[in-house]
Amino acid sequence: MPRSKPHDTPAAPIGAQAAKIQPRHSAEKAAAGRPAQPPLPAIVEASPLKPSELAERVGSGMAAFENIIIPTAAQNTAVRQMDSLRIMGLKQPEGQQRRAYRYLHQSGTGKSTCAKILRNFVEGQNGRDPAMKPVLHVTLSTTGTPKSLASSILDALGDNYSTRGEAELLLRRVRVALKELGVEIVIIDELNHFRLKSMQKDAANTIKNILSLGWVPVVLMGTTDAQSLFADNRELKNRCAPQVVLSPYDYREEKGDLPAWTQLLGRLDEEMVKRGILRVRSGLAEPGLAEDLCRASNGLIGELHNILLAALEQVLLADEPGISHQRLVDAVDAWCIQDGTIDQNYLKLRKAR
């Protein structure tokens, strides 16, 4: 903790004024013959941050980091496809069958970020009514029942009574609300929450009916666990265009994935300084470090995000200017090694060499 400037303290009286004071003992007489010594300066520590102030600094920085969105080439392709689907639906007659896209990949590849990018883009267009919801991003309830599909859509639409009634009644309310709020495309996320085969069949038929009746085009997102939803329902699969692949980055692809990954890290590094989260760049795009972070995160954007967020929290707590290599090592230990997603810390191994 930096010390404040010492306060000046008046010196003891010397000279003629001091001579008037007669020492009573021999030790005092000896001391009287020496020049008076200035007193030791008082040490005044700077006041530490209050817990609420520290929490404000850390929380604000982490929130600013969470708001950074840097689309990858694959994400830009996916967003363009979703927007084309939205525009296609707008140009079709009411009641004509709509189509769907599906994005079924492992967690952390950036599917949900695509939905956010599209929503921000469409809602930011000139002349848009802020009360409308042209891009409706629905996160499916973890209960994974057919009724929960309608309830989750109503939740996203702001319905305060989304669970009251049977599935058929809820779907009628969904249809009315979609029109009232100007929904142009529905993105259903976490499709893998339909676990049981019987529920998958009912859910697939409900989604198929939404498309067949021409309500709105639909984007379906989830992990690979949701593949069976389409394998068991050929009619729904036929209403979906071929899925776009959002693959993890492969650090071994030195002419494709690794340069793109390194560029992404460089933009993240730059953006954290630009937004005032950090004071200096952290060198995330350095070749060796970029490769190690790709291996530690298994090439997943979501996993990288969690590693950097864990490191950033400690950096903000200590008020450090940037993210050091050791902070990244510790974050990989805390986030990846303890969770068992990798069996060795590649950042630590490179440091030891």
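If you roll a 1.4 angstrom probe over the protein chains with everything in place, what fraction of the accessible area of the range 219-303 belongs to carbon and sulfur, to the nearest %?
Values: 1910 of 4190 Å².
That share works out to 46 percent.
From zero outward in steps of 10 Å, how is the percent of C-alpha pairs of the range 198-329 spread across the bins?
The distribution over the range 198-329 is 11, 31, 19, 18, 17, 4, given as percents.
With the Cα gyration tensor of the range 257-353 giving a ≥ b ≥ c as the square roots of its eigenvalues, does the rule (a/c under 1.5 for rounded; else a/b larger than b/c for prolate; else oblate) give rounded, prolate or oblate?
On the way: a/c = 1.61, a/b = 1.23, b/c = 1.31.
Cα axes put the range 257-353 in the oblate bin.
Can you tell me which aspartates and glutamates have their Cα less than 15 Å from the Cα of Lys255? Leave out same-chain residues fewer than eight positions away.
Glu291
Is the shape of the range 90-201 best called rounded, prolate or oblate, per the rule: a/c under 1.5 gives rounded, else a/b larger than b/c gives prolate, else oblate, with a ≥ b ≥ c the square roots of the Cα gyration tensor eigenvalues?
Numbers: a/c = 1.64, a/b = 1.18, b/c = 1.39.
Oblate is the answer for the range 90-201, as a/c is 1.5 or above yet b/c matches or exceeds a/b.
Which residues' amide hydrogens lie under 5 Å from the amide hydrogen of Arg102, considering only partners 5 or more residues apart or on another chain, with H built in the peptide plane?
Amide H to amide H, under 5 Å and 5 or more residues apart or across chains, Arg102 pairs with Leu220, Ala241, Val244.
Taking the range 148-243, how much of its Cα-Cα pair set, in percent, is spaced more than 19 angstrom apart? Provide the component values of the computation, followed by the final result.
Details: 1779 of 4560 pairs.
For the range 148-243, the share of Cα pairs beyond 19 Å comes to 39 percent.
Evaluate the relative contact order of the range 244-299 (contact order divided by residue number), counting alpha-carbon pairs under 8 angstrom at least 6 apart; express in whole percent. It would help to have the intermediate numbers written out before the result.
Values: 49 pairs, mean separation 23.2, N = 56.
Relative contact order here is 42 percent.
Looking at this model, which pairs from Lys91/Lys208; Lys133/Lys274; Lys274/Lys348; Lys111/Lys147; Lys91/Lys133; Lys50/Lys116 are more than 27 angstrom apart at the alpha-carbon? Mind showing how you got there, number by number?
Values: Lys91/Lys208 20 Å; Lys133/Lys274 31 Å; Lys274/Lys348 29 Å; Lys111/Lys147 24 Å; Lys91/Lys133 18 Å; Lys50/Lys116 36 Å.
Cα-Cα > 27 Å for Lys133/Lys274; Lys274/Lys348; Lys50/Lys116; rest within.
Once you have the Cα-Cα distance between Asn76 and Ser60, take 0.36 nm times their residue separation minus that, and quote the gain in nm to one decimal.
Values: separation 16, 0.36 × 16 = 5.76 nm, distance 2.82 nm.
Extending this stretch completely gives an extra 2.9 nm.
Output ³J(HN,Hα) for the range 102-111: one whole-Hz value per residue in order, computed from phi by the Karplus curve 6.51 cos²θ - 1.76 cosθ + 1.60 with θ = phi - 60°, and x for Gly and Pro.
10, 10, 10, 9, 5, 4, x, 7, x, 5
Mind giving me the FRET efficiency for Arg128 and Ser107? R0 is 41 Å, r the Cβ-Cβ distance, nearest 0.05 is fine. Show your work: numbers first, answer last.
Numbers: r = 31 Å, r/R0 = 0.76.
My answer for the efficiency is 0.85.
Between Gln227 and Lys50, what FRET efficiency follows from the Cβ-Cβ distance if R0 is 41 Å, with the result rounded to 0.05? Present the calculation step by step, with values, prior to reporting the outcome.
Numbers: r = 52 Å, r/R0 = 1.26.
Result of the calculation: an efficiency of 0.20.
Once amide H atoms are built 1.01 Å from N in the peptide plane, which residues 5 or more positions from Ile185, or in another chain, come under 5 Å H to H?
Sorted by chain and number, the residues that satisfy this are Leu136.
Over the range 132-237, average the accessible area per residue using a 1.4 Å probe and give it in Å², no decimals.
On the way: 4740 Å² over 106 residues.
The answer is 45 Å² per residue.
In nanometres, what is the gap between the two model label sites at Glu254 and Thr163, each 7 Å from Cα along Cα-to-Cβ?
Each label point is offset 7 Å from its Cα along the Cβ direction, giving 5.6 nm.
With just the Cα atoms defining each centre, how far is the range 137-187 from the range 311-353? Give it in Å.
What the calculation gives is 41 Å, centre to centre.
The values are calculated or read from the model by the stated rules, or taken from the named source; none is laboratory data. If you're wondering where the values come from, they're calculated on a predicted model, not measured in any experiment. Cβ atoms come from the backbone with ideal geometry, glycine included; neighbour counts cover every protein chain shown. Areas reflect the complete protein model, heavy atoms only, side chains present, ligands, DNA and RNA absent. Shrake-Rupley method; radii C 1.70, N 1.55, O 1.52, S 1.80 Å.
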